[in-house]
Amino acid sequence: MAVAVSSGPGRAPIVGADVENMSMNEILPPAQVWPCLRARDARGLIRFLVEAFGFEEVVVYGEGDRVDHAQLSWPLGGGVMMGSARSDDDDPWPLQPGSFGAYVVTDDPDGLHARAVAGGAEIIAGLHDTDYGSRDFAARDPEGNRWSFGTYRGAPVRHPS
């Protein structure tokens with residue numbers, strides 16, 4: 001049964017949470033940005049992102065080679081959603097495969113770089129230290145999407161007191 005549940009004190013309810021089917025060790029993640037992309041070979045891209053970059057497969061819906069919806073989580077938070085590219089004119093989400101780009105925070109860019117190389121990622125910018133204190137590298141996945149990984153977590157944000 002999908003219901004609205006609180007995501008914490010002072011937070012808006014999460015509508016549609018299937019709390020009756022959640023196990024005791026599952027938690028609802030906080031609100032985040034979830035970029036979306038489409039792929040020609042979505043199942044292949046899912047395997048690649050899990051093996052080469054370390055994303056975690058949460059759900060994949062679809063029949064055969066088609067992926068209607070997939071959610072891959074990033075270990076430090078957030079993740080991506082994706083599906084198979086469609087060629088019909090009534091596609092409600094007509095994104096071009098291979099046109100996606102993201103910056104992903106990692107605590108271990110050197111280890112992730114080694115994993116990406118071993119997983120077959122095309123490295124388009126090797127490991128380097130930036131002038132703003134981050135350690136980064138960039139790679140392209142088999143669909144042509146660009147992924148930049150590094151330790152930069154963003155500028156501090158002021159919250160009202």
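Every read-out reported here was derived from the displayed coordinates using simple, explicitly stated rules and does not represent laboratory data. Model, not experiment: these values are computed from the prediction. Positions of Cβ are backbone-derived with ideal geometry, glycine not excepted, and every protein chain shown enters the neighbour counts.
Determine the shape class of region 69-161: with a ≥ b ≥ c the square roots of the Cα gyration tensor eigenvalues, call it rounded for a/c under 1.5, and otherwise prolate if a/b is greater than b/c, oblate otherwise.
On the way: a/c = 2.29, a/b = 1.34, b/c = 1.70.
It is oblate, given that a/c is not under 1.5 and a/b is not larger than b/c.
For a quick check: with amide H placed at 1.01 Å from N, whose amide H comes under 5 Å from Gly79's, ignoring anything fewer than 5 positions away on the same chain?
Sorted by chain and number, the residues that satisfy this are Trp74.
Simple spin-label model, 7 Å along Cα-to-Cβ: Ile124 to Gln32 in nm?
So the two model labels end up 2.3 nm from each other.
In sequence order, what are the phi-derived ³J(HN,Hα) couplings for region 41-54 according to the Karplus relation 6.51 cos²θ - 1.76 cosθ + 1.60 with θ = phi - 60°, rounded to whole Hz, with x for glycine and proline?
10, 4, 5, x, 5, 4, 4, 4, 5, 6, 6, 7, 10, x
Suppose each label sits 7 Å from its Cα in the direction of the beta carbon; what would the Ser148-Tyr132 distance come out to in nanometres?
According to this spin-label approximation, the distance is 0.8 nm.
Across region 150-160, in residue order, what do the Karplus-derived ³J(HN,Hα) couplings come to in whole Hz, using 6.51 cos²θ - 1.76 cosθ + 1.60 with θ = phi - 60° and x for Gly and Pro?
Values, residue by residue: x, 8, 5, 9, x, 6, x, 10, 8, 10, x Hz.
Subtract the Cα-Cα distance of Val157 and Val50 from 0.36 nm times their separation in residues, and report this length gain in nm to one decimal.
Gain in length upon complete extension: 35.4 nm.
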